[in-house]
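Worksheet: the structure to be examined is printed underneath.
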Amino acid sequence: DKKLGKNNLVTEYDYKSERYIIDSIRESFPTHNIISEEKGSILNESEYYWVIDPLDGTVNFANNIPIFSVSIALLKGNKIITGSVYQPILDELFTAEIDKGAFLNDKPISVSKKSDLDTSLLVTGFPYSYEQESEQNKIINSFANIVKRGIPVRRLGSAALDLSYVACGRFEGFWESNLNSWDVSAGILIVNEAGGKCTNYKNQSSNIDDNQIIATN
């Protein structure tokens with residue numbers, strides 16, 4: 001199936017993954033709220049919100065490209081208190097709990113120490129649809145300005161993995177716009193707990209509904 005944007009796919013596995021995660025959460029936390037990419041919202045009278053992307057990188061998955069993930073975060077009010085991103089092909093589980101650090105398969109991780117932008121490795125993403133042509137031009141221009149400096153840039157196709165890879169030092173930075181809360185909620189906490197920084201394009205600390213993000217070491 002296709003969602004908004006001609007290449008924005010959703011597969012039966014998105015739904016199966018989502019159903020499994022939601023059922024597991026509701027079994028243990030029946031009063032909690034749930035916000036998920038495919039199903040939408042399950043709202044209760046609770047201060048806790050689970051934010052789920054059951055398959056981040058569906059286009060990769062549908063084309064047998066082994067770069068995709070599952071992202072789950074828990075918010076108390078508007079504060080992210082725990083998050084996890086799982087890459088099943090490599091069996092890599094990135095986790096974080098507020099004020100307790102970030103981990104990869106239970107081993108502590110931290111962002112890279114590289115301080116020179118021109119020798120950094122960056123990662124970005126591009127939306128599948130644009131509301132305005134001016135928005136499209138801004139995204140293309142920002143990408144071009146980085147590439148003109150000779151800085152290597154990757155495009156993996158999973159924002160949750162992009163953030164996790166910044167957190168463990170594989171990338172020095174990530175930026176993207178037109179994102180949703182389920183794309184970034186877990187990753188923001190993982191980056192912050194690994195010693196990195198997440199902001200919007202105005203250099204304000206990231207909010208899950210910002211629609212844009214810069215994550216750096």
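The values are calculated or read from the model by the stated rules, or taken from the named source; none is laboratory data. Small disclaimer: the values here were computed from a predicted structure and weren't measured. Using ideal geometry, Cβ is built from the backbone for each residue, glycine included, and neighbour counts are taken over all protein chains shown. The area values use the complete protein model at the heavy-atom level, side chains included, leaving out ligands, DNA and RNA. Shrake-Rupley method; radii C 1.70, N 1.55, O 1.52, S 1.80 Å.
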- Go through the residues of region 191-201 one by one and say whether even a single one is assigned to a helix (DSSP H, G or I) and either of a type in the set (Val, Ile, Thr) or closer than 18 Å to PHE126 by Cα (or both). yes
- Task: Please go through region 15-38 and pick out each residue that is surrounded by 15 or more Cβ atoms within 10 Å (Cβ to Cβ), assigned to a loop (DSSP other than H, G, I, E, B) and not hydrophobic (A, V, I, L, M, F, W, C).
- Result: HIS32, GLU37, GLU38
- Message: Which pairs turn up if I take residues in region 170-186 that are in contact (Cβ under 8 Å) with a residue 12 or more places away in the chain and in a strand (DSSP E or B) and look for partners that are of a type outside the set (Val, Ile, Thr) and surrounded by fewer than 24 Cβ atoms within 10 Å (Cβ to Cβ) with beta carbon separation below 6 Å, at least 6 apart in sequence or on another chain?
- Response: GLY173/LEU122; GLU176/GLY125; SER177/GLN212
- Within region 92-100, identify whether any single residue is among the hydroxyl-bearing types (Ser, Thr, Tyr) and surrounded by fewer than 12 Cβ atoms within 10 Å (Cβ to Cβ), and answer yes or no. no
- Query: Of all the residues that make up region 163-177, how many are within 19 Å of PHE143 (Cβ to Cβ), over 12 Å from the mean Cα position of the chain (by Cα) and either among the hydrophobic types (A, V, I, L, M, F, W, C) or open to solvent by 10 Å² or more (accessible area, probe 1.4 Å) (or both)?
  - Reply: 2
- Failed criterion for ILE109 (all others in (1) out of contact with any Cys (no Cβ under 8 Å at 6 or more places or on another chain); (2) open to solvent by less than 80 Å² (accessible area, probe 1.4 Å) hold): (1)
- Message: Could you go through region 184-207 and let me know if any residue there is open to solvent by 10 Å² or more (accessible area, probe 1.4 Å), modelled with pLDDT under 95 and closer than 20 Å to PRO54 by Cα.
- Response: no
